[in-house]
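Reviewing the structure listed below.
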There are 2 protein chains.
Amino acid sequence: MNDTKKIGGRGRPRTFDRDEALAKAQALFHLKGYDALSVADLTAAIGINPPSFYAAFGNKVALYAEALRLYEHEAGLDVESALAEGVPLEEGIASILQQAADAYASGDAKGCMVIEGARSTVDPEAGAEVRSRLEASRRFIRDRIAARGSLQAELLADYLMMAMSGLSGSARNGLPLDRLRVLAEMAADGAIQHIERK
Amino acid sequence: MNDTKKIGGRGRPRTFDRDEALAKAQALFHLKGYDALSVADLTAAIGINPPSFYAAFGNKVALYAEALRLYEHEAGLDVESALAEGVPLEEGIASILQQAADAYASGDAKGCMVIEGARSTVDPEAGAEVRSRLEASRRFIRDRIAARGSLQAELLADYLMMAMSGLSGSARNGLPLDRLRVLAEMAADGAIQHIERK
DNA sequence: TCTTTTTTGTATCATTCACTACAAAAATCC
DNA sequence: GGATTTTTGTAGTGAATGATACAAAAAAGA
């Protein structure tokens, strides 16, 4: 009944690597979404049986929450440095959308795991989890813009979320990286044009 | 075993209105998505039992296809006149995105039924149906732009689909109409800035 | 009235889902 | 070595899903 790893305990040792299994689960959740990925799919991919799965991760939605945390940590955009005080706001916005285009069109799971998860997850618990994370991302972006002294933090945060959602969807629909990059640049210009001089 | 209506046949008459039931189903599919809406939900909403449901509509995915057709017919954007030869391309693009903002933020089912369905539908058959309809929409927009003599039809179609997808997602996340309208305007300006003089 | 046709309501079916009971296995602690 | 602890594999749980079998009911045609 240990969901957090305690290496070198007493009983029978695990036959699988929990971190590896988590990474595999994260990739699968990103690829197929929460509802389309069954616990049977997960246990088969990890190579374990249901009891081992539940002993290690608690339940499906808890594993999904862990997978989301891992995704944000490993594949999250670097909004922090993009919107650092040194760089002009225009450049920061363009950088975020370029990062998004690059991230969303790379790997075999296209699009943003959080954005796509927020739109597609039916399960109430999992849906609440992923949507709250998406809202947190919006707040983070808004606060970073506001911290620079901009009076358009809400508007620009709305716009960035809208554009990232659009880029994520287009990536998921198979649009290749080069074409997605152009869209990101165009979208950034739309925002830049509406930035008021401070 | 009649999925198309034959008024005044021989046998026992229907106790419900097929068109009303279809409209109800369309609204529910738009609101909850294909997978989250069960046949039991549908029969309860219509007020019939499963055998009547299957006799009238065939099966769940066939009803979904009908609902999509109805949605496109009733709530589809007027791309045709927005991109008519008389209006400047810049205005046409702005018009499409303004129409999208208005449509996506109105009613109680937010966002575009086709765009959101394409992203969230897990069922293979229903997913293929809605995604093929989304692709058809893209082709229609691209062809309408190309018919004007623009050499940027592919690019602008990509961009419009991306922007509509973003607007649909933001609407689904609860962004109110006034704020969505501003985003649509900004997004349109991003495209307009990249239109090459003919 | 009698036959034919179609819809209706009841009562399921088989499948898939997330999740678990249970006992054997494999490690550490004393 | 014996007790304790934890994981393992087998097997199965109850709930929900899309879809149906079947016979009674209600209409039209003869």
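Observations
- Subset tally (residues that are polar (S, T, N, Q) and assigned to a helix (DSSP H, G or I)) for the range B:20-49: 2
- Some residue of the range B:86-93 being within 14 Å of chain A (Cβ to nearest Cβ), crowded, with 20+ Cβ neighbours inside 10 Å and not acidic (Asp, Glu): yes
- Subset of the range A:148-172 [touching a residue at least 60 places away in the same chain (Cβ under 8 Å) and open to solvent by 50 Å² or more (accessible area, probe 1.4 Å)]: A:172
- Residues that are within 15 Å of residue B:135 (Cα to Cα) and not in a helix (DSSP H, G or I) within the range A:157-178 comprise A:173, A:174, A:175, listed in sequence order.
- Which numbered condition residue B:182 fails, given (1) away from chain A (no Cβ under 13 Å); (2) under 28 Å from residue A:135 (Cα atoms); (3) surrounded by fewer than 17 Cβ atoms within 10 Å (Cβ to Cβ); (4) among the β-branched types (Val, Ile, Thr): (1)
- Residue in the range A:34-42 that is near DNA strand C (Cβ under 9 Å from one of its atoms), out of contact with any helix residue (DSSP H, G or I) (no Cβ under 6 Å at 6 or more places or on another chain), within 14 Å of chain B (Cβ to nearest Cβ) and closer than 23 Å to residue A:106 by Cβ present: yes
- The residues listed here are A:82, A:103, A:109; of these, the one that is of a type in the set (Gly, Ala, Ser) and closer than 15 Å to residue A:188 by Cα is A:82.
- Matching residues, the range B:103-131, being in a helix (DSSP H, G or I), farther than 16 Å from residue A:171 by Cα, more than 15 Å from DNA strand D (Cβ to nearest atom) and open to solvent by 20 Å² or more (accessible area, probe 1.4 Å): B:103
- Single condition residue A:73 does not satisfy, out of (1) away from every other protein chain (no Cβ under 14 Å); (2) within 14 Å of DNA strand C (Cβ to nearest atom); (3) open to solvent by 40 Å² or more (accessible area, probe 1.4 Å); (4) of a type outside the set (D, E, K, R): (2)
- Flag if residue B:81 is more than 23 Å from residue A:166 (Cβ to Cβ), outside the structural domain of residue B:170 (by TED's automatic domain parsing) and among the polar types (S, T, N, Q): no
The values are calculated or read from the model by the stated rules, or taken from the named source; none is laboratory data. What you are looking at is a predicted structure, and each value in this text was computed from that prediction instead of being measured. A quick note on method: Cβ atoms are made from the backbone with ideal geometry, for glycine too, and the neighbour counts reach across all protein chains shown. For the accessible areas, the whole protein counts, side chains as well, though only heavy atoms, and no ligand, DNA or RNA atoms are used. Shrake-Rupley method; radii C 1.70, N 1.55, O 1.52, S 1.80 Å.
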